[in-house]
1. Residue check, residue 220 against (1) at pLDDT 95 or above; (2) crowded, with 24+ Cβ neighbours inside 10 Å; (3) under 17 Å from the mean Cα position of the chain (by Cα), all met but one. Which one?
2. In this structure, is residue 141 at pLDDT 95 or above, within 18 Å of the chain's Cα centre (by Cα) and not in a helix (DSSP H, G or I)?
3. If residue 154 satisfies all but one of (1) in contact (Cβ under 8 Å) with a residue 40 or more places away in the chain; (2) surrounded by fewer than 21 Cβ atoms within 10 Å (Cβ to Cβ), what's the number of the condition it fails?
4. Determine which single condition residue 123 fails, assuming it passes every other condition in (1) in contact with a strand residue (DSSP E or B) (Cβ under 8 Å, 6 or more places away or on another chain); (2) modelled with pLDDT under 95.
5. Give all pairs with beta carbons closer than 7 Å in which a residue from segment 209-221 that is within 14 Å of residue 302 (Cβ to Cβ) meets a residue that is assigned to a loop (DSSP other than H, G, I, E, B); count only pairs at least 6 apart in sequence or on separate chains.
6. Would you check which residues across segment 210-226 are touching a strand residue (DSSP E or B) at 6+ places or on another chain (Cβ under 7 Å) and over 23 Å from residue 15 (Cβ atoms) and list them?
7. Only residues that are over 22 Å from the mean Cα position of the chain (by Cα) and of a type outside the set (Lys, Arg): list them for segment 290-306, please.
8. Before we move on, is residue 330 in a loop (DSSP other than H, G, I, E, B), touching a residue at least 12 places away in the same chain (Cβ under 8 Å) and under 30 Å from residue 239 (Cβ atoms)?
Amino acid sequence: MSTRSSDTVIAGYIPLLDSALLVAAARLGFAEEEGIDLQLVRETSWANIRDRISVGHFDVVHMLGPMPIAASLNITSLAVPMRVPMALGLGGNAITVSCAIWDQMSAADAGEEGDPASTGAALAQVIAERKTAGGDPLRFGVVHPFSGHAYELRYWLAAAGIDPDADVEITVLPPPLMPDALAVGQIDGYCVGEPWNTAAVHAGTGRIATFKEAIWPASPEKVLGVTESWAERNPDRLDRLVRSLVRSAEWCGNKENAPQLAALLASAEFLDCPANLCLPALTDQMRLSKAGPALDIPFMTFSGPLAHCPRLEHGLWFYSQMVRWGQAGFNAADLDIVRDTFSSAIYRRACGVGEQSALRQPQPARFFDQTPFDPDAIEAYVEAFDLKV
């Protein structure tokens, strides 16, 4: 017989910096202040996160932004209808390549500060020369097919004229394994959240080519995921959890707290890594190479309503990429499912925020290649890419 109290919330998470809101809420008293006994369970892969919440092992999860949409659309394993009560921050990913590949990209005039246009063009030249020489395709790692990482990598490659399904190989790896896979040559690059890009830079085995904030500024990464059924059965508990995470976000977003947060996240219980690997992204002082300078980059954002409130534009862009890359066929009825999944209703209810608060971004979504995104014209947006890669 279960001994869980009515105020217990079991949360699964992956060891990444953007689990910070859950970790700080559980360990620094924010959840307790709302009467929530927040119990954290570290997982090894996003597939495990998806499967365990689907079968009821977890109440809520630290989740890839596109994954609740894939589950609600029934296009992933063990799919159940899901909801996104809040986002857990913006940004935080980067695309890292081996130092050998970077040397070739640098010779092809790749920008030193992570400009996605110049680094993409340089990579396209490297790939073309490799193909002419009869070399094997480059292999890139992503954390899951339904992930911001996969879509950002594909978007960057395609904008440079590189076909992600023909010119390179894309494989799936758990985030903490990526630096080691790069070091031993199993992959040539990867897209992952911090601190696993900085880990390769620090080890001298990788170089950050570009990053999420440069590809799609102010874009979502991880979200709080919950099944529709749990959300409907536990509205008060969910509201209190959301409020505790909003307070946790304000604390995590204060740069003065970065050393304490880095030490907490780096502990053996959570990320189990040196604290100095966590600090660059938490302080927006990123080193793209081991010998290079620390660059003042707005790398990830935890605090502020625009970092918390689910926005329809974000969910609809994720869906557009599922259609673009053949994971889903366009269906107008699916748009309503996406809107329900990424609705701001739970967040607004929990925080007492009005309907006009943050339902749309203050400005349209912006991408580095200047391709406009109209959330009211998803089918036309996706079809336009047929004229490109």
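1. Of the numbered conditions (1) at pLDDT 95 or above; (2) crowded, with 24+ Cβ neighbours inside 10 Å; (3) under 17 Å from the mean Cα position of the chain (by Cα), the odd one out for residue 220 is (1).
2. Here the answer is yes, as residue 141 does meet what is asked.
3. Checking residue 154 against (1) in contact (Cβ under 8 Å) with a residue 40 or more places away in the chain; (2) surrounded by fewer than 21 Cβ atoms within 10 Å (Cβ to Cβ), the one that fails is (2).
4. All conditions are met except number (2).
5. Here the result reads 213/297; 213/298; 213/299; 220/65; 221/65; 221/89; 221/92, each pair linking segment 209-221 to a residue that is assigned to a loop (DSSP other than H, G, I, E, B).
6. 210, 218
7. If the condition is that a residue be over 22 Å from the mean Cα position of the chain (by Cα) and of a type outside the set (Lys, Arg), then 291, 292, 293, 294 are the ones that fit.
8. Here the answer is no, as residue 330 does not meet what is asked.
The values are calculated or read from the model by the stated rules, or taken from the named source; none is laboratory data. Since the structure is predicted, the reported quantities are computational estimates derived from the model, not experimental observations. Reconstructed Cβ throughout: ideal geometry from the backbone, glycine too, with neighbour counts over all protein chains shown.
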